[in-house]
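Take a look at the structure below.
The values are calculated or read from the model by the stated rules, or taken from the named source; none is laboratory data. Owing to the predicted nature of the structure, the values given are computational and were not obtained by experimental measurement. Glycine gets a Cβ as well: all are built from the backbone with ideal geometry, and neighbour counts include every protein chain shown.
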Amino acid sequence: MRAPLHPAWVWLPPAAALAALVAILASGSNHALFLLLNRAGSVLGEPVWLRLTMFGDGAIAMVLVLPSIRRAPHCFWAALAAAVFAGLWTQVTKQFIDVPRPLAVFGAGEFFHAGPAYRQVSFPSGHAAAAFAIAGIGIMGLARHALVRALLLAMAVLVSLSRIMVGVHWPVDILWGMIGGWTGAWAGLALHGRCGWRTSGIGGLLAGLLLLGMAGGLLVSHHMHIPAVMPLQRTVAGACLLWGAWEIAAMLPWRCWWWRWPLIGRGRDDPGERGERAGEWGGGRATGRASDRLSERADERADERAEERADVRGVEPAAERPIELADEHAGKRSADAEGAVAINRSASDG
């Protein structure tokens, strides 16, 4: 049973990010705080931060949601909605606010830098938005224990901080992205709670196939331009591809028929049950006509098998000789009646 979610888990992370953002802007400490954090984080080394920053990539964040398509459909749909919201949050802001990145402000030797050398359009961080969107959905919609929620939040913070550690974003970029991602997660869960979308319909199947294609693309894609993370990227993409394909296959109607075959004799389902599952797959909008047609076909096949068995035994099928049976029964009844009359006459004569 899932533990109740304390309201602080919903409002405290974005409120803390907003308070920190206001404090940094008011004090003008954005650049100084960047240098402090960047130099302190360089102790862990480039490999750690590059692999952490990989998990903030939008494509990676989306394929991580794929395994939840059957077991947690509310998280699956909420993640898709949050992706749209977070994408608009970051891209629209970038169109109106063009903040130069650290490499355009400081010299290359003044701070630690790793990965691609971006110089423009720093505000806000899309990686931070993606990380907090996924973490927010897990915390508000899936996690059962406070410890799991704390670990998800800590992971999102590390992924967001990695953008400072590799030298491509300012602290204010991270904070604004965190707010956008968390708000997108909340909005996605709220939207699903109102609409109640299911993943067992055609929409869920198409969305799942789209993410499967994205996971397959990540096996060969070099869009991050960071060769050091390619093994981890392929591992994550491959695991999500296989797991997601298994979950999607488990939702398909034919999988239900195959799963039940050892329990129903020769492996044939009851046609009515197949019709009901077909109705469920159609999202509840299917009528019973498909089930009726299946039932009629099953009855026809049963009649054909009965006729075949009758032919093998040398007996004509009952449907072909109703008149002969009626005449035969009538003859028996008249013979019985004549015999009774003869017995009565002999008794009276005696």
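Values for this structure:
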{"item": "Residues located in region 139-187, provided they are of a type in the set (D, E, K, R) and under 22 Å from the mean Cα position of the chain (by Cα)", "result": "ARG144, ARG149"}
{"item": "Residue within region 101-116 that is over 28 Å from ALA245 (Cα atoms), under 32 Å from the mean Cα position of the chain (by Cα) and β-branched (Val, Ile, Thr) present", "result": "no"}
{"item": "Test: SER122 is touching a helix residue (DSSP H, G or I) at 6+ places or on another chain (Cβ under 6 Å) and either part of a loop (DSSP other than H, G, I, E, B) or not assigned by TED's automatic domain parsing to the domain that holds HIS222 (or both)", "result": "yes"}
{"item": "Those residues of region 193-214 which are assigned to a helix (DSSP H, G or I) and over 13 Å from the mean Cα position of the chain (by Cα), in sequence order", "result": "GLY193, ARG194, CYS195, GLY213, MET214"}
{"item": "Unmet criterion (only one of (1) modelled with pLDDT under 95; (2) surrounded by 18 or more Cβ atoms within 10 Å (Cβ to Cβ)) for ALA78", "result": "(1)"}
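Here's the yes/no breakdown for (1) within 30 Å of ARG119 (Cβ to Cβ); (2) without any contact (Cβ under 8 Å) to a residue 40 or more places away in the chain; (3) in a helix (DSSP H, G or I); (4) assigned by TED's automatic domain parsing to the domain that holds ALA15:
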{"site": "ILE164", "(1), (2), (3), (4)": "yes, no, yes, yes"}
{"site": "HIS169", "(1), (2), (3), (4)": "yes, no, no, yes"}
{"site": "MET178", "(1), (2), (3), (4)": "yes, no, yes, yes"}
{"site": "ALA187", "(1), (2), (3), (4)": "no, no, yes, yes"}
{"site": "LEU191", "(1), (2), (3), (4)": "no, no, yes, yes"}
{"site": "GLY216", "(1), (2), (3), (4)": "no, yes, yes, yes"}
{"site": "LEU241", "(1), (2), (3), (4)": "no, no, yes, yes"}
